[in-house]
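This report concerns only the one structure given below.
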Amino acid sequence: MSTAAAAVTASTPHPIPLTESEVVIRGFLAANPDLDAKLGPIEMMTDRYTNAEWKTQIEETVKHVMKEVDSGARAKKVYEGPRMRNGEEALKELAKTIDHTVLKLDATGPVIDGLCSEARTENFKSVCVRLNWVHRCVTNLKGSDVLVACVVGFHEGTQDTYSKLKEARAAVAAGAAELDVVLNHSLLTKHNRPASQPVDHHHHHHHHHIISSKDSAIDSITAANTAKNAGSATGDDDEDEEEIPDYSTIYRELASIRSLCPSPTTLKLILETSQLAPAQILAASHLAAAASFDFIKTSTGFNGPGATLPNVQLMVGAAEYLASRGVGKRMMQVKASGGVRELDTAVRMLEAGATRLGTSSGLWIMQEARAKVGEERVAAGLSTGKRPSPVTRLYTDDSSY
């Protein structure tokens with residue numbers, strides 16, 4: 001057992017196994033004190049409102065955004081994405097919406113190097129990787145304007161806030177310009193009814209254990225199980241006081257990350273929309289805006305279906321409404337991720353108002369786009385003095401991202 005795991009075990013009467021992701025991150029931080037211990041203590045932000053006060057504000061957001069959605073007006077809004085008839089310009093615009101992504105735990109150095117060279121060739125907006133690969137990507141991408149994005153709390157989101165803060169700080173210290181942070185969505189879903197859900201049989205001996213936010217394994221099971229009942233969470237106007245989700249804890253986590261990683265670091269909050277009802281997506285969006293996050297993002301790609309058109313429309317509606325009410329410093333943008341695998345889906349997401357796409361199919365999407373704008377002319381224009389895009393990875397990545 002690693003020392004990190006041993007330390008956790010010592011402090012809890014019912015040890016919860018660390019997730020694979022946590023083992024990787026803790027090991028990395030222990031091995032790289034310059035990115036962690038040597039940077040000094042970490043501060044937490046204080047509460048801004050009580051849960052009841054957050055609830056009142058969030059209900060207002062839900063009411064206004066759902067009105068637009070239910071009337072059909074939101075779905076009719078079309079935003080101008082890259083216009084393929086603009087040829088070269090459209091391809092450049094499209095490339096700059098793409099976060100070129102590899103998040104599998106078993107990614108290797110050569111895979112990461114390939115990701116970076118592809119991103120450099122296509123001039124994507126960023127490469128999106130885990131913390132242990134940030135420095136390598138920064139080195140690989142020197143001299144280009146491709147940014148490095150790093151996921152935080154990936155993919156469960158249930159890590160305690162202190163761990164997320166250390167991970168975020170290390171990513172920025174290693175050179176990440178953007179952080180894709182996973183929301184602890186179990187805090188929004190734990191009140192879904194019915195509450196008595198069967199627990200995964202591997203964890204049957206934890207039935208009587210009080211769940212705390214440190215219990216990643218249990219929380220992710222709870223979140224997965226309660227998702228089935230997410231529908232019931234929307235109609236409960238008469239919930240008792242103790243039924244209010246812990247909005248304050250979520251806000252405090254997000255505000256602490258924002259304070260630790262101020263602008264120009266771009267912060268994106270991954271909601272994991274597959275686990276949330278529309279009202280919960282709007283609650284998360286409200287808290288993200290209040291904490292001055294720059295983006296709300298649909299999915300990790302590792303837990304249920306990814307981006308759907310209705311959820312992207314809902315999130316864009318939320319971002320616009322919240323900005324109109326002055327919640328947050330500027331209007332949030334929306335990143336669609338999970339299942340964006342071809343040009344048609346990419347264009348639909350951009351037309352719904354998303355401005356960024358998280359995908360491991362960026363090469364294929366660009367290839368389709370080049371075909372669309374007139375292969376010969378554009379290919380000739382693009383390939384002068386550059387090697388053509390490698391297409392070998394197009395069909396080899398079977399991840400759902």
Quiz item: Hey, what's the Kirkwood Rh for the range 100-182 if you take every pair of different alpha carbons, in angstrom?
Solution: 12.6
Quiz item: Can you work out D for the range 245-302 in µm² s⁻¹ from Stokes-Einstein, where Rh is the Kirkwood radius over C-alpha pairs, the temperature is 20 °C and the viscosity is 1.002 mPa s?
Solution: 184
Quiz item: Within the range 303-341, whose backbone N sits under 19 Å from a point 7 Å along Cα→Cβ of residue 263?
Solution: 319-335
Quiz item: Using a basic spin-label model with each label point 7 Å from the Cα along Cα→Cβ, how many nm lie between residue 368 and residue 104?
Solution: 2.1
Practice problem: Counting other Cβ atoms within 10 Å, keep those with at most 14, restrict to DSSP loop, and tell me which trypsin sites (Lys or Arg not before Pro) in the range 295-354 are left. | Solution: 325, 329, 330
Quiz item: Can you work out D for the range 232-358 in µm² s⁻¹ from Stokes-Einstein, where Rh is the Kirkwood radius over C-alpha pairs, the temperature is 20 °C and the viscosity is 1.002 mPa s?
Solution: 143
Self-check item: Normalised alpha carbon radius of gyration of the range 1-144 [divisor 2.2 N^0.38 Å]
Solution: 1.55
Practice problem: Round to the nearest 0.05 the FRET efficiency obtained for residue 344 and residue 190 when R0 = 51 Å and r is the Cβ-Cβ distance. | Solution: 0.85
Quiz item: Put 45, 332 in order of accessible area, largest first, 1.4 Å probe: what do you get?
Solution: 45, 332
Quiz item: Quick one: net charge of residue 45's neighbours, Cβ under 12 Å, K/R +1, D/E -1?
Solution: 0
Quiz prompt | Candidate lysines - alpha carbon under 20 Å from residue 76, same-chain residues fewer than 8 apart omitted | solution = 63, 67, 335
Quiz prompt | Debye log10 I(q)/I(0) at q = 0.27 Å⁻¹ for the range 279-351, Cα point scatterers | solution = -1.20
Exercise. May I ask which of 96/268; 96/166; 55/268 have a Cα-Cα span longer than 20 Å here?
Key: 96/166; 55/268
Quiz prompt | Those trypsin sites (Lys or Arg not before Pro) in the range 50-101 that DSSP places in a loop and that have at most 16 other beta carbons within 10 Å | solution = 77, 83
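The values are calculated or read from the model by the stated rules, or taken from the named source; none is laboratory data. It should be emphasised that the depicted structure is a prediction, and the values quoted were computed from it without experimental measurement. In this analysis, Cβ positions are derived from the backbone assuming ideal geometry, glycine residues included, and neighbour counts consider all displayed protein chains. Keep in mind that these areas ignore ligands, DNA and RNA; they rest on the heavy atoms of the full protein, side chains included. Shrake-Rupley method; radii C 1.70, N 1.55, O 1.52, S 1.80 Å.
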